[in-house]
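Below is one structure, written out as structure tokens; the observations come after it.
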């Protein structure tokens, strides 16, 4: 069996104020896995994704990503481009004035040249059927377009894992269908947070439920 | 192996990409997007944004330092010429200037009474001085000239173009990004404000002059502030997820400066020199 992409062991986490969010969570993500992460509102699903890429630090337990334990900020700097996190609110993700600049932001941070970045922008937009969006102003896009462009900014870094936080939330039927088609065609392993049953059945083959700070299969 | 699988999937989609596709930032002009500007392209609008910004800054800097009325009148006339060249629409431009002047008159009202000097007239026992009136006129002329030149040179620039021009002029990065982030998120914050405000209205809230109103409005702005901070944290998190480590990379390449731009730069410098000469002649 191949080396897991992510392995979380005995994670404990609580925000400053009180109630523990995770208390002994175990989880393993392998190549090709498409996992649905479910659970009640406010149970800590988003928190779990943020812990995986080091935006939050667990109080106890271990995060292992791409074959190595990750503890300090500098360990996670390497993890983040390889595990693309799609945020719930695309307005949080798209901060550059134009679509091109936003998609270019990740690759440029990874030290790619302008020429290379330009190719990546074109290629990513084309792969999502967003040709001609290069010079659109991000805050003037519709909600659906914003979500797709946000996905483009993540895919532009060529991640090995996708962490999707409610990707179909607040999308119209047409855009939702388009997003499902796109995601279904992607080769990456995925963890998907969603309350959209139909979407989860079509995209994922494994269910994990977060309850009382622990992760339960099935 | 997952990497290679995913990258090959990406490469198979690369057919439409063009290696020499140039990235120039151009904002499509939408109707109503830039109110007050006509659709046909005036010559001034084709001048490089960097030069327009630099000329604007230089002009403002010099005008603020002028003290002689003839020089100031000339400055205002020059700004007026620029406005004509930019083909600003008369009504909206005058409306903007009127708004400025209304404010300025209010601010300058007491100036003649507080500056000592030769008496011109008196009102309710207060005497207005000639020097004070002169000072007020001077300030009024300066303000109008500067605002008019800004409208003429920068008014037709989109906020994004302006941000890029600032970056290319090597203004401090923090300043440029503060500007661009403001442009990007002011609408998001405004939407949030509208949502909260509508929700308040839906529960029968009206602005009155009582403690309840003040407290509720306080909560409203407090909530906006809290949400603003939370959003800023999420944005930074999203940026870190894409490899941000505190340094921005240049986002676009500048277009080369052309003949027209040199002509514009020459004219600007000449105009500013003329103002300085006028100032020296009259002082």
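Here, each number is a calculation from the coordinates, and none is a lab measurement. Being a predicted model, the structure only gives us computed values, none of them experimental. Reconstructed Cβ throughout: ideal geometry from the backbone, glycine too, with neighbour counts over all protein chains shown.
Largest GNM mean-square fluctuation across A:42, A:106, A:84, computed for chain A with C-alpha springs under 10 Å, falls on A:42. For segment B:140-184, the Cα gyration tensor yields ellipsoid semi-axes of 23, 11, 10 Å (square root of five times each eigenvalue, largest first, whole Å). With contacts taken as Cα pairs under 8 Å at a separation of at least 6 residues, chain A carries a relative contact order of 30 percent.
Give, to the nearest whole percent, the P(r) tail of segment B:183-279 beyond 22 angstrom, counting all Cα pairs.
Distances greater than 22 Å cover 63 percent of the Cα pairs.
Under 20 Å from the 7 Å Cα→Cβ point of residue B:194, by amide nitrogen: which residues of segment A:128-161? Backbone N within reach: A:137-147. Peptide A:129-141 has a mean of 3 when you count, residue by residue, the C-beta atoms of other protein chains within 10 Å of its C-beta.
Springs join every pair of Cα atoms under 10 Å in this Gaussian network model of chain A, and among A:61, A:39, A:185 the largest mean-square fluctuation is at A:185. Ranked for footprinting exposure by Cβ neighbours inside 10 Å, fewest first, A:45, A:74 give A:74, A:45. For segment A:115-168 and segment A:1-60, what is the separation of their C-alpha centers, rounded to whole Å? Using only Cα atoms to place each centre, the spacing works out to 26 Å. Enter the Cα centre distance for the pair segment B:228-283 and segment B:103-139, rounded to the nearest angstrom. Centre-to-centre distance over Cα atoms comes out at 38 Å.
Roughly speaking, what is the stretch gain from residue B:249 to residue B:46, that is 0.36 nm per residue apart minus the C-alpha to C-alpha distance, in nm to one decimal?
Difference between extended and current length: 70.4 nm.
The calculated FRET efficiency for the pair residue B:68 and residue A:184, based on their C-beta separation and a Förster distance of 56 Å, comes to about 0.15.
Remark on the protein assembly as shown: Rg and Dmax equal 28.8, 97 Å (Cα only). Volume per residue of the convex hull around the Cα atoms, evaluated for segment A:123-218, comes out as 121 Å³.
Over the protein assembly as shown, what is the percentage of antiparallel beta bridges among all DSSP beta bridges, to the nearest 5?
So the antiparallel bridges in the protein assembly as shown amount to around 60 percent.
One way to sum up the overall shape of segment B:127-204 is the equivalent ellipsoid from its Cα gyration tensor, whose semi-axes run 36, 26, 11 Å, largest first.
Averaged over the residues of B:179-189, the number of partner chain Cβ atoms lying within 10 Å of the residue Cβ comes to 3.
Kindly identify segment A:53-149 as rounded, prolate or oblate by the Cα gyration tensor criterion: order the square roots of the eigenvalues as a ≥ b ≥ c, call it rounded if a/c is under 1.5, otherwise compare a/b with b/c, prolate if a/b is larger, else oblate. The shape class here is prolate.
Computed over chain A, the quotient of the alpha carbon radius of gyration and 2.2 N^0.38 Å is 1.01.
Value of Rg to Rh for segment A:32-103, rounded to two decimals, is 1.00; Kirkwood radius and Rg both from alpha-carbon coordinates. Oblate is the label for segment B:75-233, because the ratio a/c of its alpha-carbon gyration tensor axes (a ≥ b ≥ c) is 1.5 or higher and a/b is not greater than b/c. Classify segment A:111-176 as rounded, prolate or oblate, taking a ≥ b ≥ c as the square roots of the eigenvalues of its Cα gyration tensor: rounded when a/c is under 1.5, otherwise prolate if a/b is larger than b/c and oblate if not. Oblate. If the label point is 7 Å along Cα→Cβ of residue B:119, which residues in segment B:126-164 have backbone nitrogen under 16 Å from it? Within reach of a label on residue B:119, which here means backbone N under 16 Å from a point 7 Å along Cα→Cβ, segment B:126-164 contributes B:126-133.
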